[in-house]
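Some notes on the structure that comes next.
Read the figures in this text as sums done on the coordinates, not as results from a lab. Values in this document were obtained by computation on a predicted structure and should not be read as measured data. Glycine also receives a Cβ, built like all others from the backbone with ideal geometry; neighbour counts cover every protein chain displayed.
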Amino acid sequence: MKQNIILVISVIAGLAAAFVTMKYFDAKDAEVARLKAEIRSSQRIISIVVVKRDLPAGTVLQREDLGLQDYPEGPVRGHAVGQEDAHYLIGRQILRLLERGAPVYWSDIEGGPPGSRGLAEDIPQKMRALSITVGGAAAVSGMVRPNDRVDVLGTFSFPSARNPAELELVTLTVLQDVTVLATGRDTAKTIGATARAGGYNMVTLSVTPREAEMLVFAEQIKGRLVLSLRNPSDVSFENDLPRVDFDKIQEEIRTLNLFRQENLLRKRQP
């Protein structure tokens, strides 16, 4: 009888110990879940690019090789390729083995992120990138940005038509509707939407080889080049723009003002 009582007590004690142990682990699991929830709530979750299959080094990435997966931003920020940049990976070569499900880091990609690949790949076929010295007021108070479209005007000292032994200043439009590739070292890929205006004295333009020769010559003869900013949807072209000197200003200043008032501002003379 006594042995039975001891056995019952032992079983009860064992069950109690098991119950306490189970409660302890349940409490620990709840604490771990709470900590995970706090971590998730404190970190922004972002979608990054992962590979769908094992890819050996040297593989040229195709769209079907890539997928997306949610990750906390902290550990991968600035290193992993985000969803918004996935299209930059198509046709790029990887430098090391990437196993299925692995995040794609810019360090895995030949050439690195888009901004580090330089300007050359952004130059259209049969065009050239040419930098000219222009800044401040000559660059519309520094408001010209990459991908803007501009006209290039120049002021030069030419022999006078009346007296070839004397020089006179002449201003003319050198090129119209030219794409800006870069301002200083900023390109469309590297510049932020909140970047400040100004801060550069070189502007890089997309020009043909013949236009490049003309602009280089214009700068070599100490011409002053100025940019005129265009509306991006304005594709108009002014034909037969005149050379402007002092005589031209005197001759046309009244006509130009009348045109502005009547045609641009829709005013009529009293």
So, with +1 on the Cβ of K and R and -1 on the Cβ of D and E, and no other charges, what is the size of the charge dipole of segment 45-116 about its Cα centre, to the nearest 20 debye?
120
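With 10 angstrom as the radius, rank 171, 183, 21 by how many other C-beta atoms surround their C-beta, starting from the fewest. Provide the component values of the computation, followed by the final result.
On the way: 171 18, 183 27, 21 10.
Result, fewest neighbours first: 21, 171, 183.
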Ranking request for peptides 151-157, 162-168, 208-214: highest mean number of other beta-carbon atoms within 10 Å first, then the rest in descending order.
151-157, 208-214, 162-168
Cα-based Kirkwood hydrodynamic radius, segment 120-239, one decimal, Å
15.2
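Identify the trypsin sites (Lys or Arg not before Pro) of segment 237-270 meeting these criteria: DSSP loop state and at most 12 other C-beta atoms within 10 Å of the C-beta.
243, 266, 267, 268
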Taking segment 231-260, which GluC sites (Glu not before Pro) meet the DSSP loop condition and have no more than 14 other C-beta atoms within 10 Å?
238
Residue 208-residue 257 FRET efficiency (beta carbon distance; Förster radius 45 Å; 0.05 resolution)
0.80
